[in-house]
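The next block holds one structure in the form of structure tokens; read it before the comments.
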């Protein structure tokens, strides 16, 4: 939700707000070579309303409903013995927060809200799933200093994509972005996590640089480098991401390397609040990092054809400690927007196991409406 419209009375602020509707119909098929094939046809509906601004205050509420359609619901956890599709039937309050924008260059939100920090590698909303991840939190965004955006959030509860991922937490998130140099974005972050029930702590500190520079008259050289360290009471692990790319005549090629390090084979770096589906392959084989860690070499090629976005990605997965070859994966995507309201898409993920887990194929077809 963007900034609301200023109102000159409370009644006008409440009545003169903006309603929103987001519907996504999706078919998903999963073959994991172990369970019965899963087939799921689900419809996700979000209905929201944001008030106008009165003395700097506004409010936003959003309900979410996910259900199976056409009787196509052969998937775990609804049907035992089938492969898993992480789109449960649910009706819930997805977001409900008070928003204050009365301070210069600042915005404060209190309540259940969507949070996406940076590229969502460590903090995100898992927007690919029908039931997204949200947080009961207070968040502060400030742009007082030139070219600097500071985001701080305190999390009290995580509302996961499945109820088993709901958690009472005591988390502090700090993200500082610096945009002083043209074509370059620098980010520093500290994500200090604590599970209230177990008392387990997970602290991550990192730096990220992302940029682009012109190559000739029509090309752009793309580059990203990120380094982070993570510590728990008993373990330490490193995170590394390096990527170089070239964009030329509407086609972009990238070569990347990502390491979720291991502490001597005892612990793999974890990202419990991340949008994990966006990383290490769409087959979701690495939602929890193995104790031996993960090294992911990736090559992608993307562009547009006939108004559609096309993307192909190849991954090669290995352990950070030891000699385990996890396997490889091919991901394919074609999606097209029709104006600002409609989208159609098709996506495939194929994981080819080596000495870890089993071959897995996933296929999606969807349509989306946003008003």
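The values are calculated or read from the model by the stated rules, or taken from the named source; none is laboratory data. This one's a predicted model, so the numbers in the text were calculated from it and none came from an experiment. No Cβ is skipped: glycine too gets one built from the backbone with ideal geometry, and neighbour counts run over all protein chains shown.
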Worksheet entry | Residue check for residue 79: more than 19 Å from the chain's Cα centre (by Cα), part of a loop (DSSP other than H, G, I, E, B) and closer than 18 Å to residue 162 by Cβ | yes
Discussion item. Can you find a residue that is touching a helix residue (DSSP H, G or I) at 6+ places or on another chain (Cβ under 7 Å), in contact (Cβ under 8 Å) with a residue 40 or more places away in the chain, more than 28 Å from residue 70 (Cβ to Cβ) and surrounded by 18 or more Cβ atoms within 10 Å (Cβ to Cβ) anywhere in region 1-11?
Written reply: yes
Item to complete: For region 42-56, name all the residues that are under 24 Å from the mean Cα position of the chain (by Cα) and either surrounded by 19 or more Cβ atoms within 10 Å (Cβ to Cβ) or not in a strand (DSSP E or B) (or both).
Response: 42, 44, 46, 48, 50
Discussion item. For region 289-301, check the following and say yes or no: at least one residue is modelled with pLDDT of 95 or more and touching a helix residue (DSSP H, G or I) at 6+ places or on another chain (Cβ under 9 Å).
Written reply: no
Discussion item. Would you confirm, using the coordinates I've provided, whether residue 136 is assigned to a strand (DSSP E or B), touching a residue at least 40 places away in the same chain (Cβ under 8 Å) and more than 29 Å from residue 30 (Cβ to Cβ)?
Written reply: no
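Yes or no, residue by residue, for (1) under 24 Å from residue 19 (Cα atoms); (2) surrounded by fewer than 22 Cβ atoms within 10 Å (Cβ to Cβ); (3) touching a strand residue (DSSP E or B) at 6+ places or on another chain (Cβ under 7 Å):
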residue	(1), (2), (3)
92	yes, yes, yes
100	yes, yes, yes
107	yes, yes, yes
110	yes, yes, yes
114	yes, yes, yes
121	no, no, no
135	yes, no, yes
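Quick one: which strands (runs of 3 or more DSSP E) sit completely within region 153-272 and have at least 2 residues that are within 22 Å of residue 112 (Cα to Cα) and modelled with pLDDT of 95 or more? Full working, then the answer.
Working: elements: 167-178, 184-194, 201-215, 219-231, 236-248, 251-260.
Once the strands (runs of 3 or more DSSP E) in region 153-272 are filtered for at least 2 residues that are within 22 Å of residue 112 (Cα to Cα) and modelled with pLDDT of 95 or more, what remains is 167-178, 184-194.
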Item to complete: Scan region 65-73 and give yes if some residue there is modelled with pLDDT of 95 or more, assigned to a strand (DSSP E or B), within 21 Å of the chain's Cα centre (by Cα) and surrounded by fewer than 17 Cβ atoms within 10 Å (Cβ to Cβ), otherwise no.
Response: no
